[in-house]
Amino acid sequence: MKKIKLGILGIGNIGSVHTNNVLDGKCPNVELYAVCDLKEEKTAWVKEKLPSVKCFKNAEQMMDSGIDSIIICVPHYDHPKYAIMAMKKGLHTLVEKPAGVYTKQVLEMNKVADECNVKFALMMNQRTNCIYRKMREIVKSGEMGEIKRTSWIITDWYRPQAYYDSGDWRATWQGEGGGVLLNQCPHNLDLWQWICGMPTIVDTKMHYGKWHNIEVEDDVTAYVEYANGATGTFITTTGDTPGTNRFEITLEKGKLIAEGGKLLMWKSDITEKEFSRTNEIAFSSPEFKFSEVETDGENPQHAGILNNFADAILNDAKLIADGREGINGLTISNSMHMSSWLGKEIVVSELDSELFYDELMKRVATSKRKTEVKEGAEVNMGDSFR
Amino acid sequence: MSIKVAVIGVGNIGTAHASAIYNGEIDGMELCALCDTDENRIEALKEAFPDVSIFKSSDELLEGKIADAVIIATPHYFHPSIALKALESGHNVISEKPLGVYTYGIDKLLETQKRSGKVFAVMLNQRTNKLFSLAKKMISDGKIGKIKRSVWIITNWYRTDEYYASGNWRATWQGEGGGVLTNQAPHNLDLWQWLCGMPNSIYAVCNEGKYHNIEVEDEATIYAEYENGASGVFISSTGDYPGTNRLEITGDRGKIVLERGTLTLTELSGSERDFCSGKIEEPIISEAVFYDEDYNGHKRILQNFANAILYGEELISPASDAVNEVLICNASYMSSWTGEKIKLPLDEEKYLDMLKKKIENSAQVAKSSHENLFDKAYLKRWNTNW
């Protein structure tokens, strides 16, 4: 069987997940050829388990070592830098989320992707979730008409202070460039636009360090409008437990709710508008059918994205998440920050990536790396990647 | 012992109240008079209530002092002025919701009530709903601790074009003074403040005539902030079908979710705040579910009103806090009109000026009137609709 020769750049929490997926045999078309991390102990355990693996401390050296593909799992800010370097060397490139921290650098990365003849993918593992895939299929099919309202309450990203104290870069402008939107929510922002399309206007109320001793946002309420006049809300925080993950989409012929691992559908044969126009009884409403939608039940997550990446390289399969689409979720995220910083609504198509960069850098300049970091604080990332 | 009751404004809801009393369904109440300005209505009332005095003018009814208590069920704008006269002439008063369309002058009304020593209630019948009463008790008992966030998606107030055509006062600035927040959602705005307290600032987007050919709002998204740092979101519409009625309230010790006729209480064994800062171990989560039951909220409120007059029973919905939902509603309009976050207490005079401008520009087109409803019973749509 043909295999891709993969190098993993950054063997931190998430890099280890990818490493283990390959070592555990979940990715039959992937040969783990090389790993790279600044800290030797991070790669040592891989070597122990897989003696043939090449270990590096320098990214460029790994890129030149004979790999044909790479996963970039370094801190957010450096995603575009290494992706650009890898693609220019002709490597197929899979980037962890978010695509970057600010759109200016991601636009550059996308430009390089267009110029290089390589596969460029993004680790949007939630796109492999059967519930969200099915939701998208129903919405895109048009069987329920156009979207009227979207509402995602995604407040089950709970993190205690100990989590934030586990790394001096965590939840700082300098280290991560944002909080819940940049670290926890990229998946949700991506799915939101993947299923419902891009909003045209973003208006956000944001709180920084509201529930934790951090300088970035940990509580966000956003209101958006879409080109067709639909509206939406997005509510997230890392301060609520027990939180909620409930995604509701109202369409012309009913509504869809994804919650508790189920997809619920209320569907009418007639659009609400048509009904309203033709009925003659003041207090009446259309008939609708309620059902729990069946899905294929598959949810291969990170391994699924990596396998799709390999399949794209080997057999030219279509990518589940083309790297160029990473800019969408980030544009929403940047618009949210911009709305909060400038205190006004943002027209998404007019988001000024230079101004955003300047505003971000102002915050980076006064950013304080945390001093009270608890070295070796145990953070169980096992079930944090949802 | 029995009190003599007059109903002023005998339309849909007024007739239902009159019938309940006439049929002896409220202990201690006796229907003595009805008052309406519509000639056709008066003829119909004579037939339906043969032994009850009928008045054309509320002044005449009040000056005659034949009733101990009056029920005000006129169009919204008349509620405060009739209530004022009724109190001044020594009547106990229960007003339909909303207490007023705007809050300017309400303080004088409440002072008059205090001086008069009369009972003054507002028909906020949904406060008697089993699940909302239960939620109120749970919050008062500290079950979920200090409130951090509330989200109410209350979009199941569906109304058709035919509904809006059924009365020429409907959904106009002049006739009603607002749309979904003034006519349909006052109950929800009231319950929101009853359960979560009053916000200290409001930011809202109200879309006027979005789903119907009306000049007032048929969609609203409200963002509220509270003194203790909590935040809340309230989404309502008359254009969604089937729509949603889901209220979620999160505290530092748990969460209450009301949806589809159930209340789910999730409790933590300790405070999230203490867990976050590392003071306690991870709290244990427990869950309990409660179900709604059939009830007639209007009769409960009328009975409570009668008992308050006769035996000094505590009012479920006193006028003194029925003003709060009007404040939230007015602040939402003002925020939407100005694009600004509105601090509470509201500048009531400024709001009244803005409303007057809206009224001046009101189209007030006399629409075809199909209003010929003569249901004597309370309609199901006036109950909590899950």
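Taking the residues in segment A:142-190 that are outside any loop (DSSP other than H, G, I, E, B) and charged (D, E, K, R) as candidates, determine which candidate is nearest to the chain's Cα centre (by Cα). Talk me through it step by step, then tell me what you get.
Step one: filter segment A:142-190 for residues outside any loop (DSSP other than H, G, I, E, B), giving A:147-154, A:161-164, A:180-183, A:186-190.
Filter again for charged (D, E, K, R), leaving A:148-149, A:190.
Values: A:K148: 24, A:R149: 22, A:D190: 5 Å.
Out of the qualifying residues, it is A:D190.
Examine segment B:240-250 for a residue that is in contact (Cβ under 8 Å) with a residue 12 or more places away in the chain and farther than 30 Å from B:R159 by Cβ, and state whether such a residue exists.
Start the filter on segment B:240-250 by keeping residues that are in contact (Cβ under 8 Å) with a residue 12 or more places away in the chain, which leaves B:240-250.
Okay, now just the ones that are also farther than 30 Å from B:R159 by Cβ, so B:250.
The answer is yes, given that some residue of segment B:240-250 is in contact (Cβ under 8 Å) with a residue 12 or more places away in the chain and farther than 30 Å from B:R159 by Cβ.
Run B:I256 past the list (1) assigned to a strand (DSSP E or B); (2) facing chain A (nearest Cβ under 8 Å) and report the number of the one that doesn't hold.
It fails just one condition, (2).
Just one of A:E96, A:E146, A:E137, A:E115 is modelled with pLDDT of 95 or more, more than 14 Å from chain B (Cβ to nearest Cβ) and farther than 29 Å from A:L355 by Cα; which is it?
Values: A:E96 fails: farther than 29 Å from A:L355 by Cα; A:E146 fails: more than 14 Å from chain B (Cβ to nearest Cβ); A:E115 fails: farther than 29 Å from A:L355 by Cα.
Only one candidate qualifies: A:E137.
If we scan segment A:77-92, do we find a residue that is over 25 Å from A:N21 (Cβ atoms) and either touching a Cys at 6+ places or on another chain (Cβ under 8 Å) or assigned to a strand (DSSP E or B) (or both)?
Yes - at least one qualifying residue is present in segment A:77-92.
So, in segment A:230-269, how many residues would count as being assigned to a loop (DSSP other than H, G, I, E, B) and either more than 10 Å from every other protein chain (Cβ to nearest Cβ) or of a type in the set (G, A, S) (or both)?
Adding up the residues that qualify gives 7.
Within segment B:259-274, can you find the residues that are of a type in the set (A, V, I, L, M, F, W, C) and more than 8 Å from chain A (Cβ to nearest Cβ)? Please lay out each step first, then the result.
Here is the first cut: in segment B:259-274, the ones of a type in the set (A, V, I, L, M, F, W, C) are B:263, B:265, B:268.
B:L263, B:L265, listed by residue number.
Listed residues A:N245, A:N188; which is surrounded by fewer than 19 Cβ atoms within 10 Å (Cβ to Cβ), in contact (Cβ under 8 Å) with a residue 60 or more places away in the chain, touching a Ser or Thr at 6+ places or on another chain (Cβ under 8 Å) and polar (S, T, N, Q)? Give the derivation first.
On the way: A:N188 fails: surrounded by fewer than 19 Cβ atoms within 10 Å (Cβ to Cβ).
Just one listed residue meets the conditions, A:N245.
Identify, please: which residue in segment A:63-91 is at negative phi and of a type in the set (G, A, S) and is, among those, surrounded by the fewest Cβ atoms within 10 Å (Cβ to Cβ)? Quick ask: steps written out before the conclusion?
Filtering segment A:63-91 for residues at negative phi gives A:63-65, A:67-89, A:91.
Now narrow it down to the ones that are of a type in the set (G, A, S): A:65, A:69, A:83, A:86.
Numbers: A:S65: 14, A:S69: 25, A:A83: 32, A:A86: 29.
In this case the residue turns out to be A:S65.
Just to be sure before I move on: is A:A317 more than 12 Å from chain B (Cβ to nearest Cβ) and either crowded, with 22+ Cβ neighbours inside 10 Å or over 30 Å from A:N110 (Cα atoms) (or both) in the structure I sent? Show your work before the answer.
Details: more than 12 Å from chain B (Cβ to nearest Cβ): yes; either crowded, with 22+ Cβ neighbours inside 10 Å or over 30 Å from A:N110 (Cα atoms) (or both): no.
So A:A317 does not fit the description; no.
Which one is nearest to A:G243 (Cα to Cα) among residues in segment A:161-174 that are surrounded by 20 or more Cβ atoms within 10 Å (Cβ to Cβ), more than 14 Å from every other protein chain (Cβ to nearest Cβ) and not hydrophobic (A, V, I, L, M, F, W, C)?
A:R170
Which members of segment A:195-242 meet the condition of being buried (at least 24 other Cβ atoms within 10 Å of the Cβ) and of a type in the set (F, W, Y)?
Passing the criteria: A:Y223, A:F234.
Among the numbered conditions (1) touching a Lys or Arg at 6+ places or on another chain (Cβ under 8 Å); (2) more than 7 Å from every other protein chain (Cβ to nearest Cβ); (3) of a type in the set (S, T, N, Q), tell me where A:T278 comes up short.
Looking at each condition in turn, A:T278 falls short on (1).
Rundown of residues vs (1) crowded, with 23+ Cβ neighbours inside 10 Å; (2) assigned to a strand (DSSP E or B); (3) away from chain A (no Cβ under 12 Å); (4) modelled with pLDDT under 95, yes/no style:
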| residue | (1), (2), (3), (4) |
| --- | --- |
| B:A121 | yes, yes, yes, no |
| B:I144 | no, no, no, no |
| B:V151 | yes, yes, no, no |
| B:R159 | yes, no, no, yes |
| B:G175 | no, no, yes, yes |
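Residue pairs, Cβ under 6 Å, 6 or more apart or interchain, first in segment A:313-327 and under 19 Å from A:E31 (Cβ atoms), second assigned to a loop (DSSP other than H, G, I, E, B) and among the basic types (K, R). List them.
A:I313/A:K119; A:L314/A:K2
I need a count of the residues in segment B:47-63 that are of a type outside the set (A, V, I, L, M, F, W, C) and in contact with a helix residue (DSSP H, G or I) (Cβ under 6 Å, 6 or more places away or on another chain). Talk me through it step by step, then tell me what you get.
Step one: list which residues in segment B:47-63 are of a type outside the set (A, V, I, L, M, F, W, C), which gives B:47, B:50-51, B:53, B:56-60, B:63.
In the following step, the residues that additionally are in contact with a helix residue (DSSP H, G or I) (Cβ under 6 Å, 6 or more places away or on another chain) were identified as B:58.
The number of residues fulfilling the criteria is 1.
Report, by residue number, each residue of segment B:230-244 that is within 14 Å of A:D219 (Cα to Cα) and either at the interface with chain A (Cβ under 7 Å from one of its Cβ atoms) or in a strand (DSSP E or B) (or both).
B:S231, B:G232, B:V233
List the strands (runs of 3 or more DSSP E) inside segment B:36-118, counting only whole elements, that have at least 2 residues being more than 23 Å from the chain's Cα centre (by Cα).
Values: elements: B:53-55, B:69-72, B:92-95.
Correct list: B:53-55.
Is segment B:283-297 home to any residue that is surrounded by 18 or more Cβ atoms within 10 Å (Cβ to Cβ) and within 11 Å of chain A (Cβ to nearest Cβ)?
yes
If I filter segment A:321-331 for residues that are touching a Ser or Thr at 6+ places or on another chain (Cβ under 7 Å) and within 14 Å of chain B (Cβ to nearest Cβ), do I get at least one hit?
Checked against the condition, which is being touching a Ser or Thr at 6+ places or on another chain (Cβ under 7 Å) and within 14 Å of chain B (Cβ to nearest Cβ), segment A:321-331 yields no hits at all.
Report whether or not B:S116 is among the hydroxyl-bearing types (S, T, Y) and more than 24 Å from B:L355 (Cβ to Cβ).
Details: among the hydroxyl-bearing types (S, T, Y): yes; more than 24 Å from B:L355 (Cβ to Cβ): yes.
So B:S116 passes the test.
For segment A:29-64, give me each residue that is touching a residue at least 60 places away in the same chain (Cβ under 8 Å) and not hydrophobic (A, V, I, L, M, F, W, C).
Start the filter on segment A:29-64 by keeping residues that are touching a residue at least 60 places away in the same chain (Cβ under 8 Å), which leaves A:29-30.
Across segment A:29-64, the qualifying residue is only A:N29.
With the structure loaded, tell me whether A:Y158 is within 13 Å of chain B (Cβ to nearest Cβ), touching a Pro at 6+ places or on another chain (Cβ under 9 Å), closer than 26 Å to B:S150 by Cβ and touching a residue at least 60 places away in the same chain (Cβ under 8 Å) or whether it fails that test.
On the way: within 13 Å of chain B (Cβ to nearest Cβ): yes; touching a Pro at 6+ places or on another chain (Cβ under 9 Å): yes; closer than 26 Å to B:S150 by Cβ: yes; touching a residue at least 60 places away in the same chain (Cβ under 8 Å): yes.
Against the criterion (within 13 Å of chain B (Cβ to nearest Cβ), touching a Pro at 6+ places or on another chain (Cβ under 9 Å), closer than 26 Å to B:S150 by Cβ and touching a residue at least 60 places away in the same chain (Cβ under 8 Å)), A:Y158 qualifies.
Can you tell me which residues in segment B:177-190 are within 14 Å of chain A (Cβ to nearest Cβ) and crowded, with 22+ Cβ neighbours inside 10 Å? Can you show your working first?
So the first thing to find is which residues in segment B:177-190 are within 14 Å of chain A (Cβ to nearest Cβ), and the list is B:180, B:183-184.
Selection gives B:V180 alone.
Yes or no, residue by residue, for (1) at pLDDT below 95; (2) of a type in the set (G, A, S); (3) in contact with a Cys (Cβ under 8 Å, 6 or more places away or on another chain):
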{"position": "B:N168", "(1), (2), (3)": "yes, no, no"}
{"position": "B:C196", "(1), (2), (3)": "no, no, no"}
{"position": "B:P199", "(1), (2), (3)": "no, no, no"}
{"position": "B:V205", "(1), (2), (3)": "no, no, no"}
{"position": "B:E208", "(1), (2), (3)": "no, no, no"}
{"position": "B:E217", "(1), (2), (3)": "no, no, yes"}
{"position": "B:A224", "(1), (2), (3)": "no, yes, no"}
{"position": "B:G251", "(1), (2), (3)": "no, yes, no"}
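The values are calculated or read from the model by the stated rules, or taken from the named source; none is laboratory data. What you see is a predicted model; the values in this text were computed from it and never measured. All Cβ positions, glycine included, derive from the backbone under ideal geometry; neighbour counts span all protein chains shown.
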